[in-house]
Amino acid sequence: MTISTGALWIKNPLAIFASQGEDVSGGIVIHDGKIVELVAGGQQPTTAYDQTYDASRHVVLPGLINTHHHFYQTLTRAYPDALNKELFPWLKTLYPLWAGLEPEMLKVATTLAMAELMLSGCTLAADHHYLFPNGMEEAIDAQVEAVNTLGIRAMLTRGSMSLGEDDGGLPPQSTVQTEQQIIDDSERLIQRYHQRGEGATVQIALAPCSPFSVTPEIMKASALLAERNDVRLHTHLAETIDEETFCLQRFGMRTVDYLESVGWLSNRTWLAHGIHFDDDEIKRLGAAGVGICHCPTSNMMLASGIARVKELEAAGAPVGLGVDGSASNDGSNMIQEVRQALYLQRLRYGSSSVTHFDAYRWATEGSAKVLGRNDVGVIAVGMQADLALFTLDEMRFSGSHDPLAALLLCGAHKADRVMVAGQWTVVNGEIPGLDTQQLIADHSQMAKRLAEKLKNKTVV
Ligand SMILES: [Zn+2]
């Protein structure tokens, strides 16, 4: 599904977001899937190249990296009963619907969500899949297949829920698994799919869902398993005050104390949201190097709060961006999420303290660090050739002056070209070989079927 290239000079971009202070206005040279040379303005590459791509209409960014999503939720966007609610009632409305998920639905939802991300400039996406009702035992296997077909990189997290309603948790009992089932499947997936080292395409992480849907035992067992296999840990934390209250009542401690008590306060961990931390908690998270995935749209949609992103970064915590699941966004558009981050963070820190460069950094270098990667996220020699190219020829950009600022301020929503490891994965705003209309038709039909299942009460 990708078009291959040899040694390629991406020449004279309109603008480029590259390593600090370097003149890269002549473009970049790519060979063997990596960036091999940065070219100064008016210069020719010193590396031999056999192809040229004229980027004079393009703003070039490192490929955007999404660090938190729930791909399956694309099937339950704008669901009437879940509208206008905050996190806990929103979740309680949707859990019974989600309990009807089937393997084919997840596969199509994964393909659609990743396609959406790719068309908005994304080259690496994390998904947090924690629903394993009966019949969904091979959920992550189906996702790996979809990732490999599209050519994007993915961090697929093996989520889990082990604390059902019967035991004081939030999710329905039919959606939770035993500790043994979770650990066995996690181990199987790591052995089978986790790639290590530079240029990895598919990686696996362990991701118990949230304090209110898993037991401390599964948190501890996951941490030990991650340590033993050298993989990353992911969960939702400090998203809402309801969650903080739940932790105080059930565990007798605040969220970060809970995190520490189960062995997760480490640089192996990244957290979705990370909103309600006090000053001391920010210091501790920073010192431990815990990554934070900021999800501005989701946080606004559910009125959860505004993450203290600048303070977390200053304390030493890597900060990246995530669109979050498509029931709380309800889109999977990365470049739009960068704009949301810029504006929401300005609301907290003021307009002179948060620039478009900050927002780009979170979506690229920051997100790469959050996922534990040092081979992507920056345009520099030796890095993987993962790029997103945008044009400014729509009406919305007309009259703009600074191209890098215009891309965000005027509201870019689609990439013209995207490259992963030197291969074009998006060409002229389309994914080569993907029948988008058919995908939408299949996906819409499955979304309807999922809703019908709940209506007819055929979900166990
Ligand atoms: Zn989430």
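At-a-glance table
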| read-out | value |
| --- | --- |
| Any hit, region 352-367, residues being in contact with a Leu (Cβ under 7 Å, 6 or more places away or on another chain) and more than 14 Å from Ile65 (Cα to Cα) | yes |
| Those residues of region 2-36 which are at pLDDT 95 or above and of a type in the set (Ser, Thr, Tyr), in sequence order | Ser25 |
| Test: residue in region 234-244 that is within 16 Å of the ligand (Cβ to nearest atom) and in a helix (DSSP H, G or I) | yes |
| Residue within region 338-348 that is more than 16 Å from the ligand (Cβ to nearest atom) and touching a Gly at 6+ places or on another chain (Cβ under 7 Å) present | yes |
| Residue ID - farthest from the chain's Cα centre (by Cα), chosen from residues in region 217-233 that are surrounded by fewer than 16 Cβ atoms within 10 Å (Cβ to Cβ) and in a helix (DSSP H, G or I) | Glu217 |
| Residue in region 259-269 that is closer than 26 Å to Leu342 by Cα and not charged (D, E, K, R) present | yes |
| Answer residue from region 301-317, given it is of a type in the set (A, V, I, L, M) and more than 16 Å from the ligand (Cβ to nearest atom) and is surrounded by the fewest Cβ atoms within 10 Å (Cβ to Cβ) among those | Ala314 |
| Strands (runs of 3 or more DSSP E) wholly inside region 314-429 that include at least 3 residues being farther than 30 Å from Asp50 by Cβ | 319-321 |
| Any chance Thr123 is outside any loop (DSSP other than H, G, I, E, B), surrounded by 16 or more Cβ atoms within 10 Å (Cβ to Cβ) and touching a Gly at 6+ places or on another chain (Cβ under 6 Å) | yes |
| Any pair with Cβ under 6 angstrom, 6 or more apart, that starts in region 220-249 at a residue that is under 18 Å from Ile275 (Cα atoms) and ends at one that is hydrophobic (A, V, I, L, M, F, W, C) and in a helix (DSSP H, G or I) | Thr240/Leu87; Asp242/Phe88 |
| Of all residues making up region 270-300, the number that are over 21 Å from Leu344 (Cβ atoms) and within 15 Å of the ligand (Cβ to nearest atom) | 0 |
| Filter pass, Gln20 being away from the ligand (no atom under 16 Å from the Cβ), closer than 23 Å to Val418 by Cα and free of Cβ contacts under 8 Å to residues at least 12 places away in the same chain | yes |
| Boolean, Tyr343 is of a type in the set (Phe, Trp, Tyr), in contact with a Lys or Arg (Cβ under 9 Å, 6 or more places away or on another chain), at pLDDT 95 or above and surrounded by fewer than 22 Cβ atoms within 10 Å (Cβ to Cβ) | no |
| Condition broken by Phe251, with the remaining ones in (1) of a type outside the set (Gly, Ala, Ser); (2) modelled with pLDDT of 95 or more; (3) under 30 Å from Arg153 (Cα atoms) satisfied | (3) |
| Among the candidates Gly252, Gly263, residue that is of a type outside the set (Asp, Glu), surrounded by fewer than 23 Cβ atoms within 10 Å (Cβ to Cβ) and over 22 Å from Ala126 (Cβ atoms) | Gly252 |
| Any hit, region 318-325, residues being away from the ligand (no atom under 16 Å from the Cβ) and surrounded by 24 or more Cβ atoms within 10 Å (Cβ to Cβ) | yes |
| Selected residue (criterion: surrounded by the fewest Cβ atoms within 10 Å (Cβ to Cβ)) from residues of region 153-193 that are among the aliphatic types (A, V, I, L, M) and in contact with a strand residue (DSSP E or B) (Cβ under 6 Å, 6 or more places away or on another chain) | Ile190 |
| Criterion violated by Leu163 - all others in (1) assigned to a loop (DSSP other than H, G, I, E, B); (2) away from the ligand (no atom under 16 Å from the Cβ); (3) out of contact with any Ser or Thr (no Cβ under 8 Å at 6 or more places or on another chain); (4) of a type outside the set (Gly, Ala, Ser) satisfied | (3) |
| Residue match in region 381-392 (condition: acidic (Asp, Glu) and over 30 Å from Val39 (Cβ atoms)) | no |
| Output for region 50-107, where each listed residue is acidic (Asp, Glu), within 16 Å of the ligand (Cβ to nearest atom) and either surrounded by 21 or more Cβ atoms within 10 Å (Cβ to Cβ) or part of a strand (DSSP E or B) (or both) | none |
| Members of region 419-445 that are closer than 20 Å to Gln73 by Cβ and either among the charged types (D, E, K, R) or crowded, with 21+ Cβ neighbours inside 10 Å (or both) | Asp442 |
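Table: residues versus (1) crowded, with 24+ Cβ neighbours inside 10 Å; (2) among the acidic types (Asp, Glu).
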residue	(1), (2)
Met334	yes, no
Glu337	yes, yes
Ser352	no, no
Asp386	yes, yes
Met395	no, no
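The values are calculated or read from the model by the stated rules, or taken from the named source; none is laboratory data. These figures come from a predicted structure and were not determined experimentally. In this analysis, Cβ positions are derived from the backbone assuming ideal geometry, glycine residues included, and neighbour counts consider all displayed protein chains.
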